[in-house]
Amino acid sequence: MKIGVLIPTYNRRETLLRTIRAILDQEYPLTDLTLTVLDDAGSDCSCAVLEPLRAEALARGMTGFTLLRNSANKGIAYNRFRLTKESGPAEALLYLDDDVYVQKDTIAGLVGCLARNPGCALVGPRLVYASDPDRTAHCANFIGRWDGRYSETDPDEEMDCDWLNSSCFLARAAAAAVVTHAELFYTAHEEVDFCLQLKKAGWRVRYCPSVKAVHDLPLSGGSRRGRLYYLYRNKLLLFERNFPPVRRLTASIVTVFLGLPLYFLESIKTNRGVNLKELRLILKAVFDGLIGRGGPLSS
């Protein structure tokens, strides 16, 4: 199977180099891989330092290694859309974050899972923490039909689910091509939207826990605090794009009237007191989500 590996990057030069090195060390034949890296207007010259790896990859038989750059920072939702459009001929697309390190058998394992499940559009591995490889970072995810609440499970056997984390998943190119990418998300929940669109089109999404990859995430969840606005706002945007009217209404009511107090309590607990700036940001996120305001956070 011909695979297009797609990596968006933003100011993570060192982890990006390790991510690409892991691609070159795959057991999967390089002759069946192309690689496209999109720099989201970063300032650390990420693409410039890739030339030696690019030359090595092409010399070893990789059929394409393309470096792209946005003129301005666009966010992950746009980046996925652009990478999908510019990936070139491929049967499947491996979406990979610039801080995820695939194991030697990751791509082969995901290809095998996709081949065993012809009704699946997308498959993903068990993602573990780089600092604690025995601890799962991302697994099978579900979204409540009426309340929109997220849940997860990490079984030992393969299972269908509602969505998978986009840090590492493999999608059939024909299915990914029909997904309507939403730049309004900017970041957060865009992978849920991606998977739900595939499911609405009649495809399945499958978790493959026997296949593993490593995500270089902090165990503390610090990166989550930096994305609070998008995490809260974009869930409401997700309902608008993917739920029919009645389900959209019930999920939005639950999120606003039950979720909002929990968001406040989480903020107070994390900050060990009232952080008025953060509470105002949460309120703005919910308001913007209800009125359908997307894109990057305005000052």
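Only the coordinates and a few stated rules stand behind these numbers; no lab work does. Values in this document were obtained by computation on a predicted structure and should not be read as measured data. A quick note on method: Cβ atoms are made from the backbone with ideal geometry, for glycine too, and the neighbour counts reach across all protein chains shown.
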Return only the number of the condition from (1) within 29 Å of Thr180 (Cα to Cα); (2) of a type outside the set (Asp, Glu); (3) not in a loop (DSSP other than H, G, I, E, B) that Ala55 does not satisfy. (1)
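Residue-by-condition table, conditions (1) touching a Pro at 6+ places or on another chain (Cβ under 6 Å); (2) without any contact (Cβ under 8 Å) to a residue 60 or more places away in the chain; (3) over 23 Å from Glu14 (Cα atoms); (4) surrounded by fewer than 24 Cβ atoms within 10 Å (Cβ to Cβ):
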site	(1), (2), (3), (4)
Asp99	no, no, no, yes
Gln103	no, no, no, yes
Leu110	no, no, yes, no
Cys113	no, no, yes, yes
Arg116	no, yes, yes, yes
Gly119	no, no, yes, yes
Leu122	no, no, yes, no
Asp134	no, yes, yes, yes
His138	no, no, no, no
Sort out which residues of region 186-210 are assigned to a loop (DSSP other than H, G, I, E, B) and either at negative phi or not aliphatic (A, V, I, L, M) (or both), and write them in order of number. Tyr186, Thr187, His189, Ala201, Gly202, Trp203
Quick check on my filter: what residues within region 73-94 are farther than 15 Å from Thr31 by Cα, out of contact with any strand residue (DSSP E or B) (no Cβ under 7 Å at 6 or more places or on another chain) and either in a loop (DSSP other than H, G, I, E, B) or among the acidic types (Asp, Glu) (or both)? Asn73, Lys74, Gly75
Selection within region 1-43 - closer than 23 Å to Arg116 by Cα and part of a loop (DSSP other than H, G, I, E, B): Met1, Lys2, Gln26, Glu27, Tyr28, Pro29
Filtered residues of region 267-289 (kept if closer than 19 Å to Gly148 by Cα and buried (at least 16 other Cβ atoms within 10 Å of the Cβ)): Ile282, Ala285, Val286, Asp288, Gly289
